[in-house]
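Worksheet: one structure, shown below.
All of the numbers you see were taken from the coordinates with simple rules; none came from a lab. Everything quoted here is computed from the prediction, not taken from an experiment. No Cβ is skipped: glycine too gets one built from the backbone with ideal geometry, and neighbour counts run over all protein chains shown.
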Amino acid sequence: MISPLAYVDPSAKIGRNTEIGPFCPHVNVMYGSRIGNGNTIHPGAVIGGIPQDLKFVGEETTAEIGDNNRIRENVTINRGTASKGKTVVGSNNLLMESMHVAHDCIVGSYCIIGNSTKLGGEVEVEDHATISAGVLIHQFTHIGGYVMIQGGTGVSQDVPPFTMSGRNPLTYMGINLVRLRREKFSAETIEAIHNAYRIIYQQGLNVSQAVAALKESEIADDPQVKYIIDFISRSERGIIRDR
């Protein structure tokens, strides 16, 4: 299953039923990489590259990738630094051509990240997020689950879960209704999410006031509303604002 035209370091550990084609095919899997089962890695990808961080001094770190990911041409996934020790990509993701995952990022599972999108260092992307092409995401930014971010935008504040966002500067543009229905969220849950964001964005409240209002609201016990409250409460960069 390993072509004689592929170079594999003698110290590399290869799992059963792994296929390594000729020139691998022009894929670089570098020191510190940990790759799960069922992944497809296309030409030009670089996994486990040295972090583009001037504080990195050669410490032992990893780039850890789960199962069943599609990693397209020229994707780069750097390994971690002393900050977190590892860069993590979950399972069942589609990482499109030329996108970059910087050091110490955490990407969840079932995410779609578009062509040429760049994640700065220590960005966190939660499960089921969709990030369109050409999006530039500032370091330390937190992207919630089930979001849709418009292509060609810059992200410098946290993007709360279940939302759609676009324009420059990035702003809230409603909830990601199509994705929620596709994932079979109940009508009651969708309405609770919608009402939560009405409180956050349509009542003229600041973030602290909105969180307090949500905690006192009749929807406070809904699990997805609790997720929204927790996400916003933990935000260090502040969340995107309304259009």
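By how many degrees, between 0 and 90 and to the nearest 10, does the Cα long axis of helix 207-216 differ from the longest principal axis of the chain? The two axes meet at around 70 degrees. Computed over the chain, relative contact order equals 10 percent, with contacts defined as Cα pairs under 8 Å that lie 6+ residues apart. Straight-line reach from LYS84: which aspartates and glutamates fall under 15 Å, measuring Cα to Cα and dropping same-chain residues less than 8 apart? List returned: ASP53, GLU59, GLU60, GLU64, ASP104, GLU122, GLU124. Here the Karplus curve 6.51 cos²θ - 1.76 cosθ + 1.60, taken at θ = phi - 60°, turns the phi angles of segment 182-187 into couplings of 5, 8, 6, 5, 5, 4 Hz, with x standing for Gly and Pro. Amide H contacts of GLY90 (H built 1.01 Å from N, in plane; Pro and chain starts excluded): GLY66, VAL107, GLY108 sit under 5 Å, all sequence-distant by 5 or more or on other chains. In the chain, if the dipole is taken from +1 on Lys/Arg beta carbons and -1 on Asp/Glu beta carbons about the Cα centre, which of VAL88, ILE106, ALA45 is farthest to the positive end? Positive-most Cα among the choices belongs to ALA45. Summarising the label geometry, the points placed 7 Å from Cα in the beta-carbon direction at TYR31 and LEU205 lie 5.2 nm from one another.
How high is the relative contact order of segment 1-136, in percent, counting Cα pairs under 8 Å that sit 6 or more residues apart?
On the way: 379 pairs, mean separation 21.9, N = 136.
Rounded, it is 16 percent for segment 1-136.
The Cα atoms of the chain define a convex hull whose projected area, averaged across directions, is 14.0 nm². Ranked by how many other Cβ atoms sit within 10 Å of their own Cβ, fewest first, the residues PHE23, PHE140 fall in the order PHE23, PHE140.
Principal-axis analysis of the Cα atoms of the chain puts helix 223-234 at an angle of about 80° to the longest axis.
Taking every DSSP bridge with both residues inside segment 28-125, close to 0 percent are antiparallel. Cβ crowding within 10 Å ranks CYS105, CYS24 as CYS24, CYS105, fewest other Cβ atoms first. The phi torsions of segment 108-119, fed into the Karplus equation with coefficients 6.51, -1.76 and 1.60 and a -60° offset, translate into couplings of x, 10, 6, 9, 10, 10, x, 3, 6, 6, 10, 9 Hz, rounded to whole numbers, with Gly and Pro shown as x.
Where both residues lie in the chain, what percent of DSSP beta bridges are antiparallel, nearest 5? For the chain, the DSSP antiparallel bridge percentage is about 5.
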